[in-house]
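Presented below is the structure to which this report refers.
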Amino acid sequence: MTTKEKEGLSAPKLQLKLLVDQHSNRVLFAEAGKEALDFLLGLLRIPLGLVVHLLTEEQIPGSFTSIYSSIQNLDESYLMLSDRDVLLKPRLPTVSLPLLEPDSPALATPPPKRYYRCSGTVHTCRGNPLYMTDVGGMPCPNCRQPMGTEMNFLEKPKVNSGKSGYVKGPITYLVMDDLSMMPMSTISAIALLKKFQLKDLSMLCEMTVEFGRKESLELLKASLQSKTVLTDVFVSEPLVDIDRLQTT
Ligand SMILES: [Zn+2]
């Protein structure tokens, strides 16, 4: 078992309720809560370098793997980068995709920056310092004394702490097989059933599926290649134990 698979076991899981037509073996649509919506919308924020890092070469359409292996193989003497992982394992710009967080400890959140002002005793510097630096000990442009007095950085107060993600909850959303999404309402579900022109409603089956890291990677992969993502991941080759809640 790889490290990634081990992590997948402990990663948080998200839930989707699928309406499946057993006749055609396809997902008609899914009901999803805020957490699942946030995950799917968050896919838009994944840097391409991380997509290549997370998926295998065969799973990525186009030529990005060539760009990726080029920087992987380029001799250090050509690089201006001190750490090529900036390109090879870019960090997610958001914390709302914990299922796809890179696994390297080197990619953990960097410590907050430290800022310094002049330590000199010249009146203009002591009473009213004009300069600030993040390089401790740099000579002060005003009096040439080292800038070594640490300052306290005030961050923007976090409003609405505890609220994160992209869409509001608790609302149920409708996710189509091609991952288009909209708020759910009884009317739209009925309209959808009409649109699918189902002849045999007895073949409809409701399933609740959970997805963790492994299925998230499958979703990411399928979303790059397919318009029937939910069917591909959860019905065609089921990856997870599917709880059949009820058959309608
Ligand atoms: Zn100074």
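Which one is nearest to Ile60 (Cα to Cα), of the residues in region 207-222 that are part of a strand (DSSP E or B) and open to solvent by less than 40 Å² (accessible area, probe 1.4 Å)?
My answer is Phe211.
Looking at region 133-150, I want the residues that are in a loop (DSSP other than H, G, I, E, B) and have a partner that is exposed (fewer than 12 other Cβ atoms within 10 Å of the Cβ) with Cβ atoms under 7 Å, at least 6 apart or on another chain. Which pairs are those?
Asp134/Lys113; Asn142/Leu130; Gly148/Gly137
Take the conditions in contact with a Pro (Cβ under 7 Å, 6 or more places away or on another chain), surrounded by 12 or more Cβ atoms within 10 Å (Cβ to Cβ) and at pLDDT 90 or above and apply them to Pro90. Does it pass?
So Pro90 fails the test.
Could you tell me which of the residues Ser69, Ser82, Ser24 is at pLDDT 90 or above, surrounded by fewer than 16 Cβ atoms within 10 Å (Cβ to Cβ) and of a type in the set (S, T, N, Q)?
Every option except Ser69 fails the conditions.
Answer yes or no: is there a residue in region 191-198 that is open to solvent by 50 Å² or more (accessible area, probe 1.4 Å), away from the ligand (no atom under 16 Å from the Cβ) and over 35 Å from the mean Cα position of the chain (by Cα).
Yes, region 191-198 has at least one match.
Please specify each residue of region 223-241 satisfying the condition of being exposed (fewer than 14 other Cβ atoms within 10 Å of the Cβ) and closer than 16 Å to Phe29 by Cβ.
Once the filter is applied, which keeps residues that are exposed (fewer than 14 other Cβ atoms within 10 Å of the Cβ) and closer than 16 Å to Phe29 by Cβ, region 223-241 yields only Lys227.
Considering region 118-140 alone, what residues qualify as being within 9 Å of the ligand (Cβ to nearest atom), surrounded by 12 or more Cβ atoms within 10 Å (Cβ to Cβ) and within 44 Å of the chain's Cα centre (by Cα)?
Cys118, Ser119, Pro129, Tyr131, Pro139, Cys140
Every residue in region 21-65 that is among the small types (Gly, Ala, Ser) and outside any loop (DSSP other than H, G, I, E, B), please.
Correct list: Ala30, Ala32, Ala36, Gly42, Gly49.
The values are calculated or read from the model by the stated rules, or taken from the named source; none is laboratory data. Note that the structure is a prediction, hence the values are computed from the model and not measured. For neighbour counting, all protein chains shown are included, and Cβ atoms are generated from backbone atoms with ideal geometry for every residue, glycine included. Heads up: the accessible areas ignore ligands, DNA and RNA and are worked out on the full protein's heavy atoms, side chains in. Shrake-Rupley method; radii C 1.70, N 1.55, O 1.52, S 1.80 Å.
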